[in-house]
Amino acid sequence: MTISSTARISSSSIIAPGAVIDAHVNIGPFCIISAGVVIGEGTTIKSHSVINGLTVIGCDNHIGQFSSIGEVNQDLKYKNEPTRLIIGDRNSIGNNATIHRGTEQDNNCTIIGDDNILMNNVHIGHDCIIGNDTNIGDNSGLAGHVALGDGAVVGFMCAIHQFCVLGAYANVAHHSGVTQDIPPFVYASGNYAAPSGIDTASRYFTGPTQEEQNFIQTLYDLLYSKSLSLNEARVMIKEKSGNHPVCELFEWFFKRSIRGIIR
């Protein structure tokens, strides 16, 4: 067990031998930190939280009270293999969050990037991959093997089916159910979410030039307005890629998409 002298840990919390607690970590009352857990500098863990398994948490994260982080996943094939959870830096994780470690059948790891906001009662299933700057609303759940691109937004009380892919800056409206993949920049809503155009309010879309915004609209039209199959649209998008950096976001999406896109 390695605990920095500058860490502040409540006397009622239990830190198991083998845990690593870095400088300026703040652990509130009645928390349990298991062997194999690494908590990075400046991270705050609020009261009654449990951090388990081979979990690595980066710097300056905030984890709300009553959260369960790195716990055994709900995949019935899991047989207590030494799989992992990795959380990056500057993430805000709300109260009552549940985040499960991975399985050997996938990446061996659940991965959460940097600067994400996970609100209260969020569930992140095993083997999920979450990029950077995403936002997941209260009471929403990601089943196993879900992937979220950078800047993706999931509203309140949403359910994301296992193996779904949400492209970069996709936006899922409150109370939606997602059973197929959502391309980058697409705004989706409804139980069995359907596309409702481009999320023109996304941070990425409002940043580039008018030319690049028009290009994003062109890619959307290829997917949804030209009566093309997904493979035909994929080929045409690749042909149009040129020097547009936005095409990298679509390439990331197509490499992972296996369930077909929402229609």
| field | Pairs with Cβ under 7 Å, 6+ apart, first in segment 118-141 and farther than 13 Å from Leu85 by Cβ and in a loop (DSSP other than H, G, I, E, B), second open to solvent by 50 Å² or more (accessible area, probe 1.4 Å) and among the aromatic types (Phe, Trp, Tyr) | value | Gly137/Phe156; Asp138/Phe156; Asn139/Phe156; Ser140/Phe156
| Which of the residues spanning segment 27-43 are crowded, with 17+ Cβ neighbours inside 10 Å, of a type outside the set (A, V, I, L, M) and under 18 Å from Asn95 (Cβ atoms)? | Gly28, Cys31, Thr43
| Would it be correct to say that Ala19 is farther than 17 Å from Ala97 by Cα, surrounded by 17 or more Cβ atoms within 10 Å (Cβ to Cβ) and free of Cβ contacts under 8 Å to residues at least 40 places away in the same chain? | yes
| said: For segment 121-138, which positions are open to solvent by 10 Å² or more (accessible area, probe 1.4 Å) and touching a strand residue (DSSP E or B) at 6+ places or on another chain (Cβ under 9 Å)? | reply: Asn121, His123, His126, Ile129, Gly131, Asp133, Asn135
| said: So, in segment 220-263, how many residues would count as being open to solvent by 60 Å² or more (accessible area, probe 1.4 Å), among the hydrophobic types (A, V, I, L, M, F, W, C) and over 21 Å from Asp199 (Cα atoms)? | reply: 3
| task | Go through the residues of segment 146-160 one by one and say whether even a single one is open to solvent by less than 30 Å² (accessible area, probe 1.4 Å) and under 27 Å from Cys31 (Cα atoms). | result | no
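One line per residue, one yes/no per condition, for (1) within 24 Å of Ser68 (Cβ to Cβ); (2) at pLDDT 95 or above; (3) in a loop (DSSP other than H, G, I, E, B):
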{"site": "Asn96", "(1), (2), (3)": "yes, yes, yes"}
{"site": "Gln105", "(1), (2), (3)": "yes, no, yes"}
{"site": "His145", "(1), (2), (3)": "yes, yes, yes"}
{"site": "Phe163", "(1), (2), (3)": "yes, yes, yes"}
{"site": "His175", "(1), (2), (3)": "no, yes, yes"}
{"site": "Pro195", "(1), (2), (3)": "no, yes, no"}
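The values are calculated or read from the model by the stated rules, or taken from the named source; none is laboratory data. On a predicted model such as this, the values are computed, not experimentally measured, just so you know. Reconstructed Cβ throughout: ideal geometry from the backbone, glycine too, with neighbour counts over all protein chains shown. Remember, those area values only see protein heavy atoms, side chains included, never the ligands or the DNA or RNA. Shrake-Rupley method; radii C 1.70, N 1.55, O 1.52, S 1.80 Å.
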